[in-house]
Every structure is written in structure tokens, then in C-alpha cells.
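The values are calculated or read from the model by the stated rules, or taken from the named source; none is laboratory data. Not measured: the values here are computed from a predicted model. Ideal geometry is used to build each Cβ from the backbone, glycine not excepted, and the neighbour counts take in all protein chains shown.
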Amino acid sequence: MAKNETFDASMVYPPELARFVPAGCSVVAVYHSHRVHPLQLWRSRDEERLFRNMLEPHEVYDAIKNREWAAIRYFSAQDGALLKYTPSGSPQEALLGVHLSPPTNHPERVRHNTLAMAMRGNSKKPGEYVSLVAKTGDLQVLVGSTLWGNPGKVIEGWRPGVDHPPQAQAPALSPVFAQAEDALRHVHVHMGARQSAQYGLLLGSTHSEEYVATLPLEGSDFSMDRLYQMDDLTGSYKLPAGFKPLGVYVVAPGQIDLPGHLPDKRVYAGFISPLQLVKGLQLAISLQRHSGVLGSNSVLYISTADGALLRFLSTLDATQLSAGIFKNAGQALLDQLQAGRLTAVEYVRQVAMAGRLEVLVTNGVWAHADPVS
């Protein structure tokens, strides 16, 4: 922990001690706190509190300048709030960086940047400074306070001391695993009550063999917008820094509505409804199309109500999904099952023929850890 407010990475691991950095590890974030400074009596009470409980301009500049080294900055404020700032790399942020940088002829005077001097001269208010930072990057309140309000993203119109409505938060994550399937197995084993359908994502590190899964969200709307916010500047979802989507998982509810006289009901109860299957595939295909990181296959994991864990690999695109056996969002398959024109075993085989269905965790119905044919 550095004792000054100008962070220097060499104070944590000096070059001569670089060999002691844990193998395979890299810096992903920096955290700050501030000493107590004398009151600046020309500011209003809220503006003075805001200045004391916000990253200073030179700290934001350092975050922008060194975002490739440490993508995230955390700030532990004096009022108990915990803030998170993630630079966007946008042109607007680069313009802001010009006003946050130290004088060219005195780079050591980090607090003599244009914006800090404007706040010191009271020609720029701390609230305006916060708005600039939030507008060009991603500023979030992780732990709220009377000043910062509820946890959530600091957005346009935010004001200090106002209790803004709670915002949707990114889902919690599993522990980090060295194998992708271990992250899915962790979620699968700790699923708890299956009151309704649930879903989530498998995420992989962009620079190492590290994998996490989002903890499941309940509800039949398997949308990306319920998991992560969209970045208006980049058009991409704000995933955890350094991670990319590798697949989608869906969780069958404990009680599946079984078609009336369906043979092989045990097989159907140990699989998933066509409607939920298609919703999961739609999300997996959408992620593949927008991110381009899932490879040639969209990947869907299925956590069944009776304890099996399956993986379905598909090369279908959105158009093919709507025209093949999954047409009408899976309703055509469900109608055939309900009318007795399709058995549960035939349903499973049709799904397997539409891609590659594999058993990862076995049980009485799914007895072998092999591809299903």
C-alpha cells in the first residue's frame, strides 16, 4: 500500500524484485484512498464533500494514460463510498485527458493540470468535473453513501446528495477456475432451488487460462441487457475487464410442464423445454455475431433438473434457427410433443442432429459422458 497519492507501480514491485511477482499474474486494477485535506471554504458544502470523495484529476489522467497496464481504478472515499472508474479509450476521453495532464515543462507537478487549477480557482465546480469524467468514461458507485447515493453507474443528471433510484447491477461471478467446464460445474452444483428457468454466461480471460461463470438470473427473458449494460460509446456490453463471453448456460426449472400423454416423460423431465432451449440458442448466436469470439460454434450449456450437465454446439445462425426444427421459437417442437407426434427421445435426437449434443455430467438418464446420437 503506497502512502502518497501519486501511485508509482515500482513502489509495489521494484524492478529488482520483479521476479517475486506471482507467476502468471498481471495487474488488472489499482485502488486509491485520500488523506484528509484542509477545507476549501469557498465551495458549497456538497461540492467540497464531492471534491474530497472523488478521484482527483491527476489520478484520472494516470488511469487514462496507463489503462493498458491497469484497466480499472477503485477509490475508497472518506465517506464510506467505493467508486470504480474504467477509462473508455474514446476520443472524448482523450480530449479530457489534455485538461488533466500536468504542465509540459513540469511533468512532476501533477496537481497543476488545467482542470485542477480551475477547481482551485472556483471557475469549475467538482460536480461539473464528475460529470465530465462520467460522460467520457465509466464511473460507478459500488458501495453507496449519503453523498453518492445508491450503487450504480453515474449517469447524466446525477447530483451529489440525491438518492437516485437503484440501478441494475452486473451479476455476481463464480470463483476463478483454470478449466472452463469447472466454472460451469461449480454453478451447476450450487444451483439451489430451481423455482423457474435461469440463465447466465461463461466468461474466459483474454490473456490467461482463467474462467468464471455469472451466477444465474431467474426469469424466462434470456437477454444480454439483463446481465450487462451496453456502452453507448463502443456499442459493446460492459463485461468484466479482461474477460470475453465463451458460452451461455440455461437452467431447467425443477418442475417442467410435461405434455399430457408423452411417452418417455423421464427423458423430457431430464432435458429442457424447446422454448427455453431456443431462447438460450438465440442469446448464444447473438453473442457470437456481436463479439466474434465464440469461434464457428455457438455454445449452449444445459443444466437439467435431474442433475445432468449437457453442452450443445451449433453452427446455426439466426436465420437458420428460425427456419429449421427450432422454427417459431421452439413452439413447433412443443406442439409436436403435445400432440404425440414426437416422443421425448425423438426430440432429443432431433436436437442432437441439429448440432453436437454432449454429456458433461452424467446421471440415470444421461448415463455416458459422450456425444448423444
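Checked against the criterion of being of a type outside the set (S, T, N, Q) and over 28 Å from the mean Cα position of the chain (by Cα), the stretch 138-153 has no qualifying residue. All conditions in (1) surrounded by 17 or more Cβ atoms within 10 Å (Cβ to Cβ); (2) within 29 Å of Tyr228 (Cβ to Cβ) hold for Lys65, with the sole exception of (1). Out of Thr234, Thr206, Thr214, one residue alone is buried (at least 19 other Cβ atoms within 10 Å of the Cβ) and closer than 26 Å to Leu83 by Cβ. It is Thr214. Output yes when any residue across the stretch 178-193 is surrounded by 13 or more Cβ atoms within 10 Å (Cβ to Cβ), outside the structural domain of Arg52 (by TED's automatic domain parsing), over 16 Å from Ala63 (Cβ atoms) and modelled with pLDDT under 90, and no when none is. Yes, the stretch 178-193 has at least one match.
Of everything in the stretch 310-324 that is under 25 Å from the mean Cα position of the chain (by Cα) and not in a loop (DSSP other than H, G, I, E, B), the residue that is surrounded by the most Cβ atoms within 10 Å (Cβ to Cβ) is Phe312. Every condition in (1) assigned to a loop (DSSP other than H, G, I, E, B); (2) in contact with a helix residue (DSSP H, G or I) (Cβ under 9 Å, 6 or more places away or on another chain) is met by Asn105 except one, and the failing one is (2).
Across the stretch 118-162, the number of residues qualifying as assigned to a loop (DSSP other than H, G, I, E, B), among the hydroxyl-bearing types (Ser, Thr, Tyr) and in contact (Cβ under 8 Å) with a residue 40 or more places away in the chain comes to 1. For the stretch 285-304, a residue qualifies if it is modelled with pLDDT under 90 and in a loop (DSSP other than H, G, I, E, B), and the qualifying residues are Gly292, Val293, Leu294, Gly295, Ser296, Asn297. For the condition in contact with a Phe, Trp or Tyr (Cβ under 6 Å, 6 or more places away or on another chain) and farther than 14 Å from His58 by Cβ, Pro126 qualifies. The residues in the stretch 58-85 that are within 11 Å of Val130 (Cβ to Cβ) and either at pLDDT below 90 or not aliphatic (A, V, I, L, M) (or both) can be counted, and the count is 1.
Please indicate, with yes or no, whether at least one residue in the stretch 100-107 is at pLDDT below 90, within 25 Å of Pro160 (Cβ to Cβ) and surrounded by 17 or more Cβ atoms within 10 Å (Cβ to Cβ). Checked the stretch 100-107: no residue is at pLDDT below 90, within 25 Å of Pro160 (Cβ to Cβ) and surrounded by 17 or more Cβ atoms within 10 Å (Cβ to Cβ).
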